[in-house]
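Undergrad: Sharing a structure with you now.
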Amino acid sequence: MQLYLYLLAYIFLIIGVSIYISRTSTPEDFLIGGRDRNGLAILFSKFAGAIGVSTLITYTGYAYTFGWGLFAMSIGSVVGYLIFAFWASPKIKRLSLKGKFYTQGDLPSYVTNNKNTAVATNIITIVVQFFWVLLSLAGGAKIIAFFDIFSYETALLITTGVVLIYVLLSGYKAVIITDIIQALIIIIFLIIVISGIIDIPDLKDIIYNSTPKKVTISSVIGLILYGGLSVFGMADRYQLCYSAKNEKSLKLGLGIAIIPVLFISLMLLLIGLYVFQQIPSLDPDTVFVYAMKHFLNPSWLPLLLVLFFAGLMSTADTSIFAVASHSIFNTKKEQRVNSLRYATVLTVIIAFILAYFWRDIVEITIVGAALRMTLSVAMIYAINNNKNSGRFIASAIGGIIGLIIGLIFFGAKPTIAIMVLVGSLLGLIYKTKKTS
């Protein structure tokens, strides 16, 4: 009974906060958070969006397989976060104030003065973000079902239902504010859970005994490219920039966000290494849940359940909102709030159906990660105020072609990130004769 009381308390807290927010929210709050979010809100929202249940599974699996090679991706992430925070985000914020941006496609459309760039960007964004909706839902529901707390289907229904309620109530403002709550839960509860698994005296042995398998050079390059470039291809980063109070808050929030992300990565590394030393023959996809089930005291299960739901919802809500908001980018301003609500309901229903049938977390993760990069080079081109629409669209299409070729020749492996980058860069060769 105590198990469900913790979960109910968490759900009531999230919905209660959303109801309170909705009482004073304006259409601009609903659509883009009022464009007055401070640095702390940006920091926690960025962190919560980056660390979901799928991250707990995949990072621990990578640590179990490659040991310290996990940080190959983190190197790229640190560089990508810092460049985006201190170079890109101020430019994005300044442009968004001039053009009143709501979607990722609004930026290239404004810079190139060509609406086709917005159409291309937003269509790709919808596909990219939808992968992360599926990943969040499938990953979280799969873990919860593994512990026999709820069935996979029930976990999906609870998650999508709660997210649907608070997004319908308060839109993007609810996404950002609930992210603060969820981020704190993830950090605090994960520290408690890990301290319940790993003893301090064991830390030295865990740290100095990595796994024997090494990351291949192609995988290292792919992971670094993904970590460094993916931040430029995700709509939620741009919407955070649009919602920020000012450039200072934006740089502070996005820049510092890498610190808790790296901290969580380190904790997941310790879990992966610890489990490997105990049982070196597990499926990497099951390492995190195995550790929770076999090495954690059952009395911690209520906290673990809340941690899972917080991690699940913190990424699912951001991606669901991104998909819904980008699908109505052509709607008249006075109709956007209602249209966004309808689009949110439709997005949740489709995501529920697809997540019900497609449950392979690793495949979804790798393909989704490569998809994140398809727009990265094109968006960097636009952020740098380059105005040729032909080059922008060709770069985006080149990234998609590179992804398809990579999947054909390499399969769902980190190596495909190299093909996405090559395709995107080759696309920049094309240039329309007339620049608007």
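The values are calculated or read from the model by the stated rules, or taken from the named source; none is laboratory data. The structure displayed is predicted, hence computed values, not measured ones. Positions of Cβ are backbone-derived with ideal geometry, glycine not excepted, and every protein chain shown enters the neighbour counts. These accessible areas exclude ligands, DNA and RNA; they are computed on the full protein's heavy atoms, side chains included. Shrake-Rupley method; radii C 1.70, N 1.55, O 1.52, S 1.80 Å.
Undergrad: Can you tell which of Phe101, Phe86, Phe71 is within 21 Å of Asn246 (Cβ to Cβ) and either in a helix (DSSP H, G or I) or in contact with a Pro (Cβ under 7 Å, 6 or more places away or on another chain) (or both)? Walk me through it before giving the result.
TA: On the way: Phe101 fails: either in a helix (DSSP H, G or I) or in contact with a Pro (Cβ under 7 Å, 6 or more places away or on another chain) (or both); Phe71 fails: within 21 Å of Asn246 (Cβ to Cβ).
Every option except Phe86 fails the conditions.
Undergrad: Is there any pair linking a residue in region 331-346 that is open to solvent by 50 Å² or more (accessible area, probe 1.4 Å) to one that is part of a helix (DSSP H, G or I), with Cβ under 6 Å and at least six apart or on different chains, and which?
TA: Pairs that qualify, where the first residue is open to solvent by 50 Å² or more (accessible area, probe 1.4 Å) and the partner is part of a helix (DSSP H, G or I), are Arg341/Leu168.
Undergrad: Would region 353-369 turn up any residue that is open to solvent by 60 Å² or more (accessible area, probe 1.4 Å), assigned to a helix (DSSP H, G or I) and within 17 Å of Ile124 (Cα to Cα)?
TA: no
Undergrad: Determine if region 49-56 includes at least one residue that is under 24 Å from Asp317 (Cα atoms) and open to solvent by 20 Å² or more (accessible area, probe 1.4 Å).
TA: yes
Undergrad: Right, here's the next one. Looking at Asn385 and the list (1) of a type outside the set (D, E, K, R); (2) at positive phi; (3) at pLDDT below 85, which single condition is not satisfied?
TA: (3)
Undergrad: Contact list please: Cβ distance under 6 Å, first residue in region 41-68 and at positive phi, second residue of a type in the set (Val, Ile, Thr) and surrounded by fewer than 24 Cβ atoms within 10 Å (Cβ to Cβ), pairs at least six apart or on different chains.
TA: What qualifies is Gly67/Thr211.
Undergrad: Determine which single condition Asp148 fails, assuming it passes every other condition in (1) open to solvent by 10 Å² or more (accessible area, probe 1.4 Å); (2) part of a helix (DSSP H, G or I).
TA: So Asp148 meets the others, but not (2).
Undergrad: Considering only region 42-49, I want to know if a residue exists there that is assigned to a loop (DSSP other than H, G, I, E, B) and over 13 Å from the mean Cα position of the chain (by Cα).
TA: So in region 42-49, the residues assigned to a loop (DSSP other than H, G, I, E, B) come out as none.
The answer is no, given that none of the residues of region 42-49 is assigned to a loop (DSSP other than H, G, I, E, B) and over 13 Å from the mean Cα position of the chain (by Cα).
Undergrad: Could you check region 348-373 and list, in sequence order, the residues that are modelled with pLDDT under 70 and out of contact with any Gly (no Cβ under 7 Å at 6 or more places or on another chain)?
TA: The answer is Arg359, Asp360, Val362, Glu363, Ile364, Thr365, Ile366, Val367, Gly368, Ala369.
Undergrad: I want to confirm something. Restricting to region 4-41 and keeping residues that are farther than 29 Å from Leu252 by Cα and open to solvent by less than 30 Å² (accessible area, probe 1.4 Å), which single residue is modelled with the highest pLDDT?
TA: Ile11
Undergrad: Across region 161-171, which residue is farthest from Ser314 (Cα to Cα) among those that are surrounded by 24 or more Cβ atoms within 10 Å (Cβ to Cβ) and of a type in the set (A, V, I, L, M)?
TA: Val167
Undergrad: Same structure, new question: Being modelled with pLDDT of 90 or more, among the polar types (S, T, N, Q) and part of a helix (DSSP H, G or I) is the requirement here; does Ser109 meet it?
TA: yes
Undergrad: Tell me yes or no: at least one residue of region 305-313 is under 12 Å from Ser136 (Cβ atoms), in contact (Cβ under 8 Å) with a residue 60 or more places away in the chain and among the small types (Gly, Ala, Ser). Walk me through it before giving the result.
TA: First, pick out the residues of region 305-313 that are under 12 Å from Ser136 (Cβ atoms): 308-313.
Add one more test, that the residue is in contact (Cβ under 8 Å) with a residue 60 or more places away in the chain, and what stays is 308-313.
Subset that is among the small types (Gly, Ala, Ser): 310-311.
Yes, some residue in region 305-313 is under 12 Å from Ser136 (Cβ atoms), in contact (Cβ under 8 Å) with a residue 60 or more places away in the chain and among the small types (Gly, Ala, Ser).
Undergrad: Which residue is surrounded by the fewest Cβ atoms within 10 Å (Cβ to Cβ), if the candidates are limited to region 86-117 and must be of a type in the set (Gly, Ala, Ser) and within 16 Å of Ala378 (Cα to Cα)?
TA: Ala88
Undergrad: If you don't mind, another one. List pairs: first in region 175-192 and in a helix (DSSP H, G or I), second open to solvent by 40 Å² or more (accessible area, probe 1.4 Å), Cβ under 8 Å, 6+ apart or cross-chain?
TA: Close Cβ pairs satisfying both conditions: Ile180/Leu40; Ile181/Leu13; Ile187/Phe263; Ile192/Trp300.
Undergrad: Continuing with this model, one more query. Looking at Thr286, Thr211, Thr216, can you tell me which residue is hydroxyl-bearing (Ser, Thr, Tyr), out of contact with any Pro (no Cβ under 7 Å at 6 or more places or on another chain), modelled with pLDDT of 75 or more and more than 30 Å from Lys98 (Cα to Cα)?
TA: Exactly one of Thr286, Thr211, Thr216 is hydroxyl-bearing (Ser, Thr, Tyr), out of contact with any Pro (no Cβ under 7 Å at 6 or more places or on another chain), modelled with pLDDT of 75 or more and more than 30 Å from Lys98 (Cα to Cα), namely Thr286.
Undergrad: Please name all residue pairs, on different chains or six or more residues apart, with Cβ atoms under 7 Å, provided the first residue is in region 245-258 and is open to solvent by 70 Å² or more (accessible area, probe 1.4 Å) and the second residue is acidic (Asp, Glu) and in a loop (DSSP other than H, G, I, E, B).
TA: Note: pairs meeting the criteria are Lys245/Asp36.
Undergrad: Which one of the conditions (1) open to solvent by 60 Å² or more (accessible area, probe 1.4 Å); (2) within 26 Å of Ile259 (Cα to Cα) does Ser136 fail to meet, given that it meets all the rest?
TA: Status for Ser136: all satisfied but (1).
Undergrad: Look at region 151-160 and say how many of its residues are among the aliphatic types (A, V, I, L, M) and open to solvent by less than 10 Å² (accessible area, probe 1.4 Å).
TA: Number satisfying all stated conditions: 2.
Conditions tested, residue by residue: (1) within 17 Å of Ser314 (Cα to Cα); (2) not polar (S, T, N, Q).
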{"residue": "Ile11", "(1), (2)": "yes, yes"}
{"residue": "Tyr20", "(1), (2)": "no, yes"}
{"residue": "Thr26", "(1), (2)": "no, no"}
{"residue": "Thr58", "(1), (2)": "yes, no"}
{"residue": "Ala63", "(1), (2)": "no, yes"}
{"residue": "Val79", "(1), (2)": "no, yes"}
{"residue": "Trp87", "(1), (2)": "no, yes"}
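Undergrad: Mind listing whichever residues of region 261-288 are within 24 Å of Ile185 (Cα to Cα) and open to solvent by 50 Å² or more (accessible area, probe 1.4 Å)?
TA: Within region 261-288, Leu262, Phe263, Leu266 meet the criteria.
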